[in-house]
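The values are calculated or read from the model by the stated rules, or taken from the named source; none is laboratory data. These figures come from a predicted structure and were not determined experimentally. As a convention, Cβ positions derive from the backbone with ideal geometry for all residues, glycine included, and neighbour counts pool all protein chains shown. For the accessible areas, the whole protein counts, side chains as well, though only heavy atoms, and no ligand, DNA or RNA atoms are used. Shrake-Rupley method; radii C 1.70, N 1.55, O 1.52, S 1.80 Å.
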Amino acid sequence: QVQLVESGGGLVQAGDSLRLSCAEASASILSSYAMVWFRQAPGKEREFVAAITWSGGNTAYADSVKGRFIISRDNAKNKVYLQMNSLKPEDTAVYYCAASRRFLPTGASEYDYWGQGTQVTVSS
């Protein structure tokens, strides 16, 4: 059973940067999984943000974050990261990481394991 724990969220101002981390808490090896970041703002559906293959060789981004966010992973540390730059108020949401055995899925239903989320709030 994969247990994911997100960290690094917080309250920042527009234009600031944050780095989110996703760690595995039950000794499962994340290197077998594609990993993703989704986000959900109040009253909105969960939205794809970025995904990375098990090796880190392929990535995918939502158009709304392309050029500002970078997803990466360190399989030796069993962690996945989301570097968020030039943050905007519309980036405010709870950010979730998830794991999938598929290649590079971007749909929420394709992910098998989810963390509890970390809140990111961007003030204007």
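Would you mind getting the accessible area per residue of segment 3-46, heavy atoms of the protein chains only, 1.4 Å probe, in Å²?
51
Once all Cα-Cα distances of the chain are split into 10 Å bins that start at 0, what whole-number percent is in each one? Values per bin, smallest distances first: 15, 50, 30, 5. The Cα trace of segment 1-61 gives Rg and Dmax of 13.5, 38 Å, the first to one decimal, the second as a whole number. Amide H to amide H distances under 5 Å link Phe69 with Asn85, where only residues 5 or more positions off or on other chains count and H is placed in the peptide plane. Among 34-40, 6-12, sorting by the average number of other beta carbon atoms lying within 10 angstrom of each residue, highest first, gives 34-40, 6-12. The amide H of Gly10, built 1.01 Å from its N in the peptide plane, has Val120, Thr121 as neighbours under 5 Å, considering only residues 5 or more places off or on other chains. Phi-derived couplings, Karplus 6.51 cos²θ - 1.76 cosθ + 1.60 at θ = phi - 60°, listed residue by residue for segment 43-55: x, 10, 6, 5, 10, 5, 10, 7, 9, 9, 6, 4, 8 Hz, with x used for Gly and Pro. Computed over segment 39-79, the alpha-carbon pair-distance distribution with 10 angstrom bins reads 27, 43, 26, 4, each value a whole percent. Couplings 3J(HN,Hα) for segment 87-99, derived from phi with the Karplus relation 6.51 cos²θ - 1.76 cosθ + 1.60 (θ = phi - 60°), are 5, 10, x, 6, 7, 4, 4, 8, 9, 10, 9, 8, 10 Hz, where x marks Gly and Pro. For segment 32-37, putting each phi into the Karplus relation 6.51 cos²θ - 1.76 cosθ + 1.60 with θ = phi - 60° gives couplings of 8, 10, 6, 10, 9, 10 Hz, in residue order, rounded to whole numbers and with x for Gly and Pro. Specify whether the C-alpha gyration tensor of segment 64-124 places it in the rounded, prolate or oblate class, a ≥ b ≥ c being the square roots of the eigenvalues: rounded for a/c under 1.5, otherwise prolate if a/b is larger than b/c and oblate if not. Prolate.
Between amide H atoms placed 1.01 Å from N, distances below 5 Å from Lys88 occur with Gly15, all of them 5 or more places distant or on a separate chain. Stretching Phe103 away from Val5 to a fully extended chain increases their span by 33.1 nm, per 0.36 nm per residue minus the current alpha-carbon distance.
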